[in-house]
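The values are calculated or read from the model by the stated rules, or taken from the named source; none is laboratory data. As the structure is a prediction and not an experimental result, all values here were calculated from the model. Using ideal geometry, Cβ is built from the backbone for each residue, glycine included, and neighbour counts are taken over all protein chains shown. Please note that ligands, DNA and RNA were not included when accessible areas were found on the heavy atoms of the full protein model with its side chains. Shrake-Rupley method; radii C 1.70, N 1.55, O 1.52, S 1.80 Å.
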Amino acid sequence: GVGMGMTAPVSITAFPAEDGSFQQKVKVSLRIPSQFQDNPPCPTDESIKIEERQGMTIYSTQFGGYAKEADYVNYAAKLKAALGSDAAYHKDFYLCNGYDPPMKPYGRRNEVWFVKE
């Protein structure tokens, strides 16, 4: 019953298929604002879970525009190619992050993160 506003980034955990496309399963995560983190409100919808994300080291790439699934897949492939075969990161998922509200037409920021093992 409390409005918390929109936070950034909106983070989508993608589970890539063999061809690099997203599987049907994705997880959307929103950051709980600082003033609610010590005592977050209990979700009334069972499909919503509160999770604490531990610190992580990531490999990242950034791009602009209104990001679509194809953009995230494309930039994930570019990041994978740039890292080569020596980098140790989780290959079964990656994070797609958007930082801007839908009504912001210019200067948009999106990122793909690979989580270091």
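Overview of values
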{"read-out": "Residue match in region 37-52 (condition: touching a Ser or Thr at 6+ places or on another chain (Cβ under 9 Å) and within 27 Å of residue 106 (Cα to Cα))", "value": "no"}
{"read-out": "Leading residue by the ranking (surrounded by the fewest Cβ atoms within 10 Å (Cβ to Cβ)) among those in region 67-94 that are under 29 Å from residue 106 (Cβ atoms) and out of contact with any strand residue (DSSP E or B) (no Cβ under 9 Å at 6 or more places or on another chain)", "value": "81"}
{"read-out": "Residue list for region 2-36, restricted to those being more than 15 Å from residue 101 (Cβ to Cβ), of a type in the set (A, V, I, L, M, F, W, C) and in contact (Cβ under 8 Å) with a residue 40 or more places away in the chain", "value": "12, 14, 15, 22"}
{"read-out": "Of residues in region 1-58 being part of a loop (DSSP other than H, G, I, E, B), touching a strand residue (DSSP E or B) at 6+ places or on another chain (Cβ under 6 Å) and open to solvent by less than 70 Å² (accessible area, probe 1.4 Å), the one modelled with the highest pLDDT", "value": "9"}
